[in-house]
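Please read the structure below before turning to the comments.
All of the numbers you see were taken from the coordinates with simple rules; none came from a lab. Remember, predicted model here, so these are calculated numbers, not experimental data. Here the Cβ is made from the backbone with ideal geometry for all residues, glycine too, and neighbour counts use every protein chain on show.
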Amino acid sequence: MSELVCKGITKRYKDKEALRDVNLTLESGKIYGLIGRNGAGKTTLLSILTAQNPATAGTVTLDGEPVWENRHALDQLCFSRELNIAGNSGVAGIKIKEYLKAASLYYPKWDQNLADRLIKAFKIEPKKAMGKVNKGMLSAVTITVALASKAAFTFLDEPVAGLDVIAREFFYKTLVEEYTETGRTFVISTHIIEEAAAVFEEVIILKDGALICMENTEALLERAVRVNGLAADVDAVTAGLACHHSEQIGRSKTVTVLPREGETLPDSRDVTVQPVSLQQLFVALCGEEGMG
């Protein structure tokens, strides 16, 4: 089993610390979801994991080998990021077919048949310049590169930005099919949490540059609950537990509880206990009080 290991990763830009002592291990054959608010450090982390951006401190290794300036490791990594092309940028004038051709030469396991199928399904227009198409088509191009690369560890940053619901459904269906057939590892960073949650085997949550959660998605959601009732009853039931995102209206109170290892929520008829979705849990862990 291959492992991409990130140890003590810190990234500073002058007076800003984008990442702070991040430690994680990505195992082969899993689909990970990477979520966090804007500015949490998601794109920076993905760029460091794939050796497109040097860390200020820390190391990234693939099966014990450093990924930085290591052709053998880089051949197994693909970072397909959201494209924001300015009209006067160098990439803007490149035709889509030329962009995809360059990708096919870079990735040694490139699957042209898969690329052709995706081009047809997404209705990509290869003869158009990158700067002349809409955001949805640019997303389709990045998805094509990611999936057709056949890279063992493939990272997608906001892959469905600009895609309509049908195209998004097709992407996730194709992603799962590719994962099932090949056992590749995928890491997907997205703000559209609810529709992506079903494919995340594990979830990684960043907040203000720090890793605050990395856990099996199903197990995480099994222990997270929302507790609602009279404030005094909620406080009594949740005393000593890890509570997040308290909301109070009049005498009623709601909190999200994520029990730590060994903790359990006591039985009580005085409060209502409900499961939470991944999006609700994310809001509870990363949202600001008063922002819902």
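Would you compute the Debye intensity of region 58-207 from its alpha-carbon atoms alone, equal scatterers and no solvent, and pass along log10 I(q)/I(0) at q = 0.12, 0.16, 0.19 Å⁻¹ to two decimals? The Cα Debye sum returns log10 ratios of -0.51, -0.92, -1.26. In summary, the aspartates and glutamates within cross-link reach of Lys128, defined as a Cα separation below 17 angstrom excluding same-chain residues under 8 places away, comprise Glu98, Asp116. Modelled spin-label separation between Ser252 and Thr272, with each label point placed 7 Å from Cα along the Cα-to-Cβ direction: 0.7 nm.
Taking all Cα pairs closer than 8 Å and separated by 6 or more residues, the relative contact order of the chain comes to 19 percent.
In region 145-269, a dipole from Cβ-located charges (positive for Lys and Arg, negative for Asp and Glu) runs towards its positive end, and of Thr190, Ser149, Ser268 it is Ser268 whose Cα lies farthest in that direction.
Relative to the Cα centre, the charge distribution of region 143-289, modelled as +1 at Lys and Arg Cβ and -1 at Asp and Glu Cβ, gives a dipole magnitude of about 80 debye.
Averaging the Cα positions of each part gives two centres, and for region 162-184 and region 215-251 these lie 34 Å apart.
The Cα atoms of the chain give a gyration tensor whose axes a ≥ b ≥ c have a/c of 1.5 or more with a/b greater than b/c, which makes the shape prolate.
Take every Cα pair under 8 Å whose residues are at least 6 apart in sequence, average their separation, divide by the length of region 134-211, and the relative contact order is 31 percent. Residue pairs exceeding 29 angstrom between C-alpha atoms, taken from Lys127/Lys150; Lys207/Lys253; Lys7/Lys97: Lys7/Lys97. Computed about the Cα centre, the dipole magnitude for the chain is approximately 1360 debye when only Lys and Arg (+1) and Asp and Glu (-1) carry charge, each at its Cβ. Annotation: for a label point projected 7 angstrom from Cα along Cα→Cβ of Ala92, residues of region 111-132 with backbone N closer than 18 Å are 128-132. Most tightly packed first, judged by the mean number of other beta-carbon atoms within 10 Å of their residues, the peptides 111-122, 199-210, 143-154, 258-269 read 143-154, 199-210, 111-122, 258-269.
Once the C-beta distance of Lys135 and Leu114 is scaled by a Förster radius of 22 Å, the resulting FRET efficiency is 0.45 to the nearest 0.05.
Below 8 Å between Cα atoms, with a sequence gap of 6+, how large is the relative contact order for region 1-107 in percent? 25 percent.
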